[in-house]
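For reference, the structure is listed below as structure tokens.
The values are calculated or read from the model by the stated rules, or taken from the named source; none is laboratory data. These numbers were taken from a predicted model, which means no experiment stands behind them. Cβ: placed from backbone, ideal geometry, glycine included. Neighbour counts: every protein chain shown.
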Amino acid sequence: MLSGLTYWQGLERFGTPAHGAGTSQEARHHIMTENAQLALVTGATGYIGGQVAQELLRRGWRVRLLSRSAEKVRGLEWGNAVVGPSESAGPGQAEVVEGDASSAEDVAEALEGVDVAWYLLHSMGDSSDFVREEVEMAETFGHAAREARVGRIVYLGGLHPQDEAVEDLSDHLRSRVEVGRALMDSGVPTAALQTGVVIGDGSSSFTMIRHLSERLPGAVAPQWVRNRIQPIAVRDVVHYLVGAADLPQDVNRTFDVGGPEAIEYAEMLDQYARAVGKGRRFMLTAPVTTASLAARWIGLVTPVSSKLARPLIGSLQHDTVMHERDLDDYIGAPEGGHTSFAEAARSAVAHVDTHRWWRVVLGTSAAVATTAVVGSVASAPDTRWYKSLRKPAFQPPAWLFPVAWTALYADIAAVGSLSIADLGEQGRTREKRAYIAALGVNLVLNAGWSVLFFDRKRLTAASVESVLLAASSADLVRRTAKVSPEKGVVLSPYAAWTGFASVLSTTIRAINPRRR
């Protein structure tokens, strides 16, 4: 098989005066296109797929991409390498076949004339029977690759314990294993690479690690945080995925790939914090907790949705370490050696603001604290005027109000900070600004009610403002739930309490008609 480097060396020889001085530009382009290998990359709009496609383009491959949206591909960082709809890709260029990987016709069209195909598709458990669906999709791909006489398939799966039956693995890991088997059984030589947590700025697994470490000085966690994981830097993954194209034709097997060390998941959180200059992180383990509950906790405290976190957590239920490094014998280790976790982590956040969280916390907490102080100073439940008001029978005892408001202010500060930080991390700038504005209005209404009711003794104005505060609080919960459902649930007691307070305020106004 002609590697990218060999191709370019041959091209240079072809272009010397002795061999090609009299060749027209059109003829040279035709020969270049005919000799360059054609790669098919599926999942190119995903993090790993995009990195592989970019590296293949850098090495001078002709790259074909199977994607539902050519427009989405053109919007990627390297999208300017994509040729027009009716054009064929030349060396260092990409073309797009719009289609669905579950469609046999679309897959067959995409694989026509392909030398090497990279199968980098994962559903992350979008349906109740996603394992079966993933295997069927892989079987469709393998059959079409065999019919198209593709020279090799390269697949990225997951490390898993060798001493456990496949049926006992989490659905997430089991699907990776069974997809790899389906591709290796297709009749096309397949390199099924198996890796653990990928460390890179676009990796969901790393995003989860980063934000858990940045936002929590410590935690009580499930037992699986003590499982050993063998993380790998994204540059090393790409090295192995692209290099696997040059494996001998008779190689059809799995390969374990990973970084130089196997460490506990809890230790990764601590190592990340130290790598970016933060303090150590402590971790206590609980005897039991479900993956579903852990996923909801992730959805609450990080930008990773609980839906995405659930399969990621599923792969952490087992030790996922390497058992061999045979691929190094074929294509060599990455240049400079295997990247350590700390080095990979620092590289992943080189252009990331790792201090955003604490700035948001300080700003939000200061605004909430100011509201609490204003409300507390303005409130005077012990005055003769307040005691003279008639109260409804459902009014809670006086001691409950400071307890409830203290808890609710802490809730607003925590959930507000998480929501603002998540919107910033996800680049949802307009939503972030709207959320900050909505929170600001809510806090002004919150503090204003105490001033109107106790200081100004204006029952009508206070009852109107209480209704506005309840509406504002409900809107704030709605906005928060759009960031993540878990955050919306945690903030919902605030909306419930202000709703109750508006009923109480308007009732006091109604039963005291002679007061303003």
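Some notes on this structure:
- Filtered residue count, segment 379-427, keeping only those that are part of a loop (DSSP other than H, G, I, E, B), of a type outside the set (A, V, I, L, M, F, W, C) and surrounded by fewer than 16 Cβ atoms within 10 Å (Cβ to Cβ): 11
- Thr507 vs. criteria of a type in the set (S, T, N, Q) and buried (at least 18 other Cβ atoms within 10 Å of the Cβ): no
- Checked against (1) in a loop (DSSP other than H, G, I, E, B); (2) in contact (Cβ under 8 Å) with a residue 60 or more places away in the chain; (3) within 19 Å of Val41 (Cβ to Cβ), His160 meets all criteria but (3).
- Of the candidates Ala372, Ala295, Ala345, the single residue that is in contact with a helix residue (DSSP H, G or I) (Cβ under 6 Å, 6 or more places away or on another chain) and modelled with pLDDT under 95 is Ala295.
- Whether a residue is at pLDDT 90 or above, of a type in the set (Phe, Trp, Tyr) and on the phi < 0 side of the Ramachandran plot was assessed, and Trp61 passes this test.
- Every residue from segment 483-516 that is in contact (Cβ under 8 Å) with a residue 24 or more places away in the chain and assigned to a loop (DSSP other than H, G, I, E, B): Ser484, Asn512, Arg515, Arg516
- Here Tyr330 clears all of (1) part of a loop (DSSP other than H, G, I, E, B); (2) surrounded by fewer than 16 Cβ atoms within 10 Å (Cβ to Cβ) except the condition numbered (1).
- Conditions (1) under 27 Å from Lys307 (Cβ atoms); (2) out of contact with any strand residue (DSSP E or B) (no Cβ under 8 Å at 6 or more places or on another chain); (3) assigned to a helix (DSSP H, G or I); (4) among the hydrophobic types (A, V, I, L, M, F, W, C): number failed by Leu76: (3)
- Looking across segment 225-237, just one residue is surrounded by fewer than 21 Cβ atoms within 10 Å (Cβ to Cβ) and under 20 Å from the mean Cα position of the chain (by Cα), and that is Arg235.
- Candidates Arg132, Arg176: the one that is modelled with pLDDT under 95, surrounded by fewer than 21 Cβ atoms within 10 Å (Cβ to Cβ), within 25 Å of Ala309 (Cβ to Cβ) and among the basic types (Lys, Arg) is Arg132.
- Whenever a residue of segment 397-410 is in contact (Cβ under 8 Å) with a residue 40 or more places away in the chain, its partners that are of a type outside the set (Asp, Glu) and part of a loop (DSSP other than H, G, I, E, B), lying with C-beta atoms within less than 9 angstrom and at least six residues away or across chains, give the pairs Ala404/Pro396.
- Residue count for segment 451-491 satisfying the condition of being of a type in the set (Gly, Ala, Ser), closer than 18 Å to Glu425 by Cβ and buried (at least 21 other Cβ atoms within 10 Å of the Cβ): 1.
- Within segment 478-509, the set of residues being in contact with a Leu (Cβ under 9 Å, 6 or more places away or on another chain) and among the aliphatic types (A, V, I, L, M) comprises Ala481, Val483, Val489, Val490, Leu491, Ala495, Ala501, Ile508.
- Elements of type helices (runs of 4 or more DSSP H) contained in segment 247-326, each with 2 or more residues being hydroxyl-bearing (Ser, Thr, Tyr) and closer than 24 Å to Gln230 by Cβ: 265-275
- Single match in Ile229, Ile199 (criterion: under 30 Å from Arg274 (Cα atoms) and in contact with a Ser or Thr (Cβ under 6 Å, 6 or more places away or on another chain)): Ile229
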